[in-house]
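Colleague: The structure follows.
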Amino acid sequence: MPAIYIGRMPIHLRADPGDYAPNVLCPGDPRRAAYIAETFFGPGYRTVNEERGMLGFTGTFDGEPISVQTTGMGCPSAGIVFEELAMLDVRRLVRVGTCGGLKEGMQMGDTVIGIAATAEDLTPLRYAQLESYAPTATYELAELAARLGRDGGSTVHAGTILTSGVFYDPDPGTFARWKRTGHIAVEMEAAMMYTVAAIKGMESLAVMTVSDLLEESGDTTRISDEELKQGVDDMMRLA
């Protein structure tokens, strides 16, 4: 039975301190968390959380301890996970997910590094207790990831992304407004991760695979399953 922490009790991650490595990869999809553990972790990895289907695993990569933990979709779900990982003494969060590409010239499967994340979803602002705030990645992680990605032959785009609270947006002009203000991609969790990490004194970085191309008209083009798998594998090697 996991311990109960007075004043800081993880409710959704049924684990004890030490069950998670200091460095945690954070995909939204539980199936992707399982795929990451099966594909990239060394033999002998173990399951550390199954509560509510939010799968978490701890193992090793190149002999070093590492964990992967599902966050679910959107800031409210992800924020619970990030907060509870902080309770469990995690020190670094790396989001590994997908995003919609806004930048001209992007291709399916390209890698995006979020230097900063505009919080269109207001959950991060509510958590920060500020009317406005600029959630940002840990610079050293972003700089290193961009260099390693390009050195490894990946197509990497680094810049400001947007964290939205709406997936099926009824406004066809939304993509054009985001693009006009220099956003290179849109996703649903990074601003929350950056905010929790800043408040808790953790390092954080969002690395994502372009899974959709978003046009100013509001039209979208979706990636194929094979392109997505290749893009995710490239992103994971970098992460």
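The values are calculated or read from the model by the stated rules, or taken from the named source; none is laboratory data. Values in this document were obtained by computation on a predicted structure and should not be read as measured data. For neighbour counting, all protein chains shown are included, and Cβ atoms are generated from backbone atoms with ideal geometry for every residue, glycine included. Just so you know, the surface numbers come from the protein's heavy atoms only, side chains and all, with ligands and any DNA or RNA stripped out. Shrake-Rupley method; radii C 1.70, N 1.55, O 1.52, S 1.80 Å.
Colleague: Among Ala198, Ala158, Ala116, Ala146, which is small (Gly, Ala, Ser) and under 13 Å from the mean Cα position of the chain (by Cα)?
Modeller: That would be Ala116, the only listed residue that is small (Gly, Ala, Ser) and under 13 Å from the mean Cα position of the chain (by Cα).
Colleague: Glu51 versus (1) open to solvent by 50 Å² or more (accessible area, probe 1.4 Å); (2) of a type outside the set (Phe, Trp, Tyr); (3) in contact with a Leu (Cβ under 8 Å, 6 or more places away or on another chain); (4) within 22 Å of Ser204 (Cα to Cα): which is the lone unmet condition?
Modeller: (4)
Colleague: Continuing with this model, one more query. Please report, ordered by residue number, the helices (runs of 4 or more DSSP H) entirely within the range 77-187 with at least 1 residues that are modelled with pLDDT under 95.
Modeller: 139-151, 174-180
Colleague: Another one. Would you confirm, using the coordinates I've provided, whether Phe57 is part of a strand (DSSP E or B) and not aliphatic (A, V, I, L, M)?
Modeller: yes
Colleague: Against the conditions (1) closer than 30 Å to Thr155 by Cβ; (2) in contact with a helix residue (DSSP H, G or I) (Cβ under 6 Å, 6 or more places away or on another chain), where does Gln107 fall short? Just the number, please.
Modeller: All conditions pass for Gln107, except number (2).
Colleague: When you go through Thr155, Thr160, Thr123 one by one, which is the residue that is open to solvent by 20 Å² or more (accessible area, probe 1.4 Å), closer than 15 Å to Met193 by Cα, out of contact with any Phe, Trp or Tyr (no Cβ under 9 Å at 6 or more places or on another chain) and free of Cβ contacts under 8 Å to residues at least 60 places away in the same chain?
Modeller: Answer to the check: Thr160.
Colleague: Report yes if Glu83 is over 25 Å from Gly149 (Cβ atoms) and in contact with a His (Cβ under 7 Å, 6 or more places away or on another chain), otherwise no.
Modeller: Answer is no for this residue.
Colleague: Still on this structure, please answer the following. Return the residues of the range 18-31 that are open to solvent by 40 Å² or more (accessible area, probe 1.4 Å) and under 19 Å from the mean Cα position of the chain (by Cα); say none if nothing qualifies.
Modeller: Pro22, Asn23, Asp29, Pro30, Arg31
Colleague: Counting only residues that are open to solvent by less than 10 Å² (accessible area, probe 1.4 Å) and in a strand (DSSP E or B), which one in the range 206-236 is nearest to Gly101 (Cα to Cα)?
Modeller: Checking each candidate, the answer is Val210.
Colleague: Inspect all residues belonging to the range 37-52 and state whether any of them is in contact with a Lys or Arg (Cβ under 9 Å, 6 or more places away or on another chain), in a helix (DSSP H, G or I) and of a type in the set (Asp, Glu).
Modeller: yes
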